[in-house]
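The structure under discussion appears below in the form of structure tokens.
The values are calculated or read from the model by the stated rules, or taken from the named source; none is laboratory data. Keep in mind that this is a model prediction, so the values were computed, not measured. We place every Cβ from the backbone using ideal geometry, glycine too, and count neighbours over all the protein chains shown. For accessibility, only protein heavy atoms count, side chains too; no ligands or nucleic acids. Shrake-Rupley method; radii C 1.70, N 1.55, O 1.52, S 1.80 Å.
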Amino acid sequence: MGRRKACTLSKGKQHDPSSQQKHLSTAKRNELNALCEKLFDLSSNPAYLTQLWNNYLDISEVLLKVKRLEEMKTELSQRSLGIGQFINWLIENKARVDGVSIADFPGYDLGLKAEADFVQNQLILEIPRTLIFSTHTAASELIVMQNDPLVQHMPQVALALALLIERHKENSKWKPYLDMLPNTYNTVLYMKANDMIELKGSPTLEAALKQCRNIARQYSYFSRVFQSNNNSVSAILRDNFTYERYCWAVSTVMTRQNLIPSPDGSRMIHALIPMWDMCNHENGRITTDFNASSDRCECYALRDFKKGEQIFISYGPRTNSDFFVHSGFVYMDNDQDGFKLRLGISKADSLQKERIELLDKLNLPSVGEFLLKPGAQPVSDTLLAFLRVFSMRKAELTHWLHSDKVFDLKCMDCVLETVVEENVRKFLLTRLQLLIANYPTTLKEDLELLELTLPQVKKMAVQLRVTEKRILLGALDYVEQWTKA
């Protein structure tokens with residue numbers, strides 16, 4: 001099952017779901033509606049995509065005005081105060097949580113603690129479907145929006161709206177779970193321009209800016225929907241839907257969502273799994289599955305855990321760039337990390353047709369992202385094959401298009417014309433040098449920064465730069481050694 005759950009959860013306080021936003025005056029509501037129209041244009045117009053940074057600054061300026069108009073005063077409470085009620089709720093609803101508790105761990109905030117010894121592959125948690133938060137088990141009111149294009153085609157958006165509905169309706173059965181969720185996250189949605197600028201030179205900056213743009217568009221769209229409709233969802237959210245609350249709901253989904261089978265088993269659906277989503281990440285294999293016969297999520301021990309230790313799970317093979325943008329943390333020892341290298345065949349290339357035809361035979365895209373990996377073999381077989389096709393002249397392309405050994409192009413020891421291999425190495429060498437030069441700081445400077453006490457978001461950005469530069473420098477060294485050999 002795919003995991004997107006935050007490793008570093010924020011400490012402290014959270015929204016009181018019973019608090020209601022005061023009705024805005026007509027003048028303020030009209031001003032807010034006008035701002036949302038402007039926001040929708042800024043975040044929807046494809047012309048702005050060519051200047052993502054300036055577009056982000058413009059969006060941020062409008063959002064600042066939006067947040068001032070939407071400002072609310074709410075009662076705040078400690079998450080930790082709800083632990084007892086949450087555990088009781090789980091047990092009363094037939095979850096199996098024996099031998100584990102929720103505890104505060106330095107550097108992680110809340111996590112799962114072993115109250116007994118567990119051996120590798122031992123069953124730790126069982127969470128029944130009735131306790132798994134999805135659009136099948138929560139927020140039945142959403143049925144009135146089933147034809148809305150965003151709700152219909154973006155299951156993560158539907159799940160975020162379901163969270164807001166349950167948070168703001170009276171007597172929600174999900175209250176014990178909602179009270180355990182963090183109040184804020186370290187996702188890019190909570191970052192300011194001076195945080196984002198720390199990503200200069202990193203390909204993660206573009207992904208972060210696009211994420212902020214997308215959420216601004218969704219917020220402005222739904223703000224208009226809830227103001228102009230009189231259905232049951234609008235009745236609950238019309239006076240409670242704010243940009244900050246939408247960021248909270250989206251971040252909750254981004255950092256904690258999973259895929260489980262639908263009740264009829266016909267497809268996979270997005271869901272939040274209480275208690276299991278308290279587990280933090282470490283390297284290893286996925287040890288969580290959904291048992292269709294018992295209709296439960298089952299979590300098994302990734303390795304041996306001694307009594308008193310924190311219990312970790314693996315979130316699956318994801319890069320630190322993905323963790324940073326969607327989950328709000330960086331895992332420095334991520335053995336599944338990678339640097340995304342975007343490559344493509346130019347339309348102006350006189351041999352474009354032949355290159356694309358050969359790439360098709362190799363099951364490779366003509367434009368796509370290829371991962372440079374950490375470790376001894378940074379260049380994957382797919383990246384190597386793409387670069388070889390990219391570097392071939394007409395004679396080599398003709399030969400390989402008619403060869404029955406085309407998949408040999410993915411092997412390092414494949415025999416090719418010397419000029420083709422030289423061009424591959426030259427291209428990689430130049431591209432890697434340019435990528436490293438794009439960063440305003442060196443690896444040494446970043447490592448020195450990490451010795452200091454930094455704000456959490458800046459620390460994450462520096463950690464990300466360190467992991468990216470280590471991959472690039474490792475790849476550069478690999479290509480240089482390859483050239484000498």
At 1.4 Å probe size, with no ligands or nucleic acids counted, give the accessible surface of residue 136 in Å², nearest ten.
90 Å²
For the pair residue 309/residue 57, report the inter-label distance in nm, with labels modelled 7 Å from Cα in the Cβ direction.
5.0 nm
How big is the charge dipole of the range 336-485 about its Cα centre, in debye rounded to the nearest 20, if each Lys and Arg gets +1 on its Cβ and each Asp and Glu gets -1 on its Cβ?
340 debye
Provide the per-residue ³J(HN,Hα) series for the range 185-190, in order, calculated from phi with Karplus coefficients 6.51, -1.76, 1.60 and θ = phi - 60°, each as a whole number of Hz, with x at glycine and proline positions.
10, 9, 6, 4, 5, 9
Calculate the dipole size of the chain relative to its Cα centre from +1 charges on Lys and Arg beta carbons and -1 charges on Asp and Glu beta carbons; express the result in debye to the nearest 20.
880 debye
Under a Cβ-Cβ cut-off of 15 Å, what is the net charge of the residues other than residue 45 that fall near it, where Lys and Arg count +1 and Asp and Glu count -1?
+1
Show that you can apply the helix-only estimate: for the chain, add -39,500 (n - 2.57) for every DSSP H stretch of four or more residues, divide by all residues, and state [θ] at 222 nm to the nearest 500.
-13500 deg cm²/dmol
Once phi for every residue in the range 263-271 is put through the Karplus expression 6.51 cos²θ - 1.76 cosθ + 1.60 (θ = phi - 60°), the whole-Hz ³J(HN,Hα) values, with Gly and Pro written as x, are x, 8, x, 7, 7, 9, 10, 7, 7
Just how much of residue 98 is accessible, in Å², when a 1.4 Å probe is used and the result is rounded to the nearest 10?
100 Å²
Based on the Cβ-Cβ distance of residue 37 and residue 78, what FRET efficiency does E = 1/(1 + (r/R0)^6) give at R0 = 45 Å, to the nearest 0.05?
0.70
Once you put a point 7 Å from the Cα of residue 183 and another 7 Å from the Cα of residue 434, both along the Cβ direction, what distance in nm separates them?
4.7 nm
Extent along principal axes [Cα atoms of the range 202-361; Å; largest to smallest]:
57, 55, 36
Among all the lysines, which ones have a C-alpha under 24 Å from residue 113's C-alpha, if same-chain residues fewer than 8 places away are not counted?
5, 11, 13, 94, 175, 306, 307
Between their Cα atoms, which of 65/210; 200/484; 361/410; 200/347 are more than 23 Å away from each other?
200/484; 200/347
For the range 380-475, what mean projected area does the convex hull of the alpha carbons give, in nm²?
7.7 nm²
Between residue 443 and residue 200, how high is the FRET efficiency from 1/(1 + (r/R0)^6) when r is the Cβ-Cβ distance and R₀ = 22 Å? Nearest 0.05.
0.90
Estimate the FRET efficiency between residue 380 and residue 26 by the formula 1/(1 + (r/R0)^6), using the beta-carbon distance for r and 60 Å for R0, to the nearest 0.05.
0.50
Signed unit charges on C-beta, dipole axis of the chain, positive-most listed residue 390, 24, 131:
24
Non-local residues with an amide H under 5 Å from the amide H of residue 280, with H modelled 1.01 Å from N and Pro and chain starts lacking one, are 112, 313
State, as an integer percentage, the relative contact order of the range 335-485 based on alpha-carbon contacts under 8 Å between residues 6 or more apart.
27 percent
Could you give the DSSP H helices of the chain that reach 18 angstrom or more along their long axis (alpha carbon positions) and whose average Kyte-Doolittle hydropathy is no lower than -0.5?
26-44, 52-70, 155-168, 204-228, 243-256, 418-437, 456-484
